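Presented below is the structure to which this report refers.
The values are calculated or read from the model by the stated rules, or taken from the named source; none is laboratory data. Owing to the predicted nature of the structure, the values given are computational and were not obtained by experimental measurement. Heavy atoms of the whole protein, side chains included, go into the accessibility calculation; ligands, DNA and RNA do not. Shrake-Rupley method; radii C 1.70, N 1.55, O 1.52, S 1.80 Å.
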Amino acid sequence: MQPGTPDEQWREDCAPRRVLELFATKWTSMILHTLHARHGGTARTGVLHRSLPGISKKMLVQTLRELEASGLIDRQVHDSVPPTVDYSLTELGQRLVEPIELIYSWARDNAPALDALQPRQTSRRR
């Protein structure tokens, strides 16, 4: 938004705040990126879990549920023994991956500068 834009564009439920809310959990962008970049848009729970070092199974499932509720991924249960579940990017999820990939590319290009930053007090990076 530009300086001087009307107040109604700065509401609590404005589009920029809603998209940032999607990133309130640190795993959202990583899951979307991993689905896109490593698995061609579709993967099973176990495959995603192995692809995301550091994420707990509980956090993965919780984030997948939130992404499904947001309309960014689809969940498909296969009638097999044992039952298997695939998660796929929706059209909206694929469109959100585009800016995520730009941010990830920027981060790789600027890794030395990012490494030089002082970790935040709450950061696990030390």
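Summary table below
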item	result
Rounded tilt (10° steps) of 27-39 against the dominant C-alpha axis of the chain	60
More than 17 Å apart - percent of Cα-Cα pairs taken over region 52-114	59
Percent accessible area from carbon and sulfur atoms, the chain, protein chains only, probe 1.4 Å	53
Ellipsoid semi-axes in whole angstrom, largest first, where each is sqrt(5λ) of the Cα gyration tensor of region 32-72	15, 14, 7
Helix-only [θ]222 nm of the chain, DSSP H runs n ≥ 4, -39500 (n - 2.57) each, per residue, nearest 500	-16000 deg cm²/dmol
Taking the convex hull of Cα positions in the chain, its mean projected area over all directions (nm²)	10.4
Tilt relative to the chain, helix 57-69 - C-alpha long axis, 0 to 90 degrees, to 10	70
Rounded to 5, the percent of DSSP beta bridges in region 25-109 classed as antiparallel	100
Tilt relative to the chain, helix 91-109 - C-alpha long axis, 0 to 90 degrees, to 10	60
